[in-house]
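The values are calculated or read from the model by the stated rules, or taken from the named source; none is laboratory data. Note that the structure is a prediction, hence the values are computed from the model and not measured. Glycine also receives a Cβ, built like all others from the backbone with ideal geometry; neighbour counts cover every protein chain displayed. The accessibility values were calculated without ligands, DNA or RNA, using every heavy atom of the protein model including side chains. Shrake-Rupley method; radii C 1.70, N 1.55, O 1.52, S 1.80 Å.
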Amino acid sequence: MATFRLQGSRVLAVTMTGDAVKAKNGSMVAYDGQMAFKKMSGGGEGLRGMVTRRLTGEQMEVMEVRGQGTCWFADRASEINLVGLRGEKLWVEASNLLCTDAGLRTGTTFTGLRGGATGNGLFTTTVEGTGQAAIMSDGPAVVLRVTPQYPLSVDPGAYIAHQGDLQQHFQSGVTFRTLLGEGGGEAFQIRFEGDGLVYVQPSERNTVGGDV
């Protein structure tokens, strides 16, 4: 299995010994040793995944990197966060997924009627299995714990990913900015209930939430 490590907070170094990783297309910034690169379609496996991506716009441009040596990945100076999976599932916005072990399965899942981030639509990318995944954030990510006693409401523009036994609900007609007396905010919040972790970033993507 490839070895993931961060160099600083914005560059991911992946050391491979004949194994492979899947990474965001164009995110390789350097490598040493012998590497082979192959462009793939991402966001789902097989024909079903292809059709789902076409219908929903949850699009990932992915490349497979295989070889002996170290490959470095980065994307627009985004902060990088490592998530270790042990048979679990991670839900992540496609635009925030940088790299995964090749053995992890990727797909798409319906997450409800919401105003998604530009190009993401109503579905979220899933990563499942055992291995490492690297997700990106605009600024240092914050990991928030959700328990049955303490549900969590999140601005959809700040949401990156979540994992665990969580249920999502979309609350319309409520906006953080409206509560602050500012217009142009999101028309809904994402409410998480159950037991798990939610990753948020300290800035917001442009979403269509304000038009919902």
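Across every direction, the projection of the convex hull enclosing the Cα atoms of the stretch 58-105 has a mean area of 4.3 nm². Protection proxy ranking of 88-97, 72-81, by the mean of other Cβ atoms within 10 Å over each peptide's residues and highest first, is 88-97, 72-81. With R₀ fixed at 45 Å, the C-beta to C-beta distance from Asp195 to Gln34 puts the FRET efficiency at about 0.55. Here each label is just a point 7 Å from Cα along the line to Cβ, and for Gln7 and Thr130 those points are 3.0 nm apart.
Over the stretch 131-176, the hull volume per residue, using the convex hull of the C-alpha atoms, is 113 Å³. In this structure Arg145 has an accessible area near 140 Å², from a 1.4 Å probe over the protein heavy atoms. Given R0 = 22 Å, the distance between the Cβ atoms of Ala77 and Ser172 translates into a calculated FRET efficiency of 0.05. Take the Cα of Tyr150, step 7 Å toward its Cβ, do the same at Phe110, and the gap between the two points is 3.3 nm.
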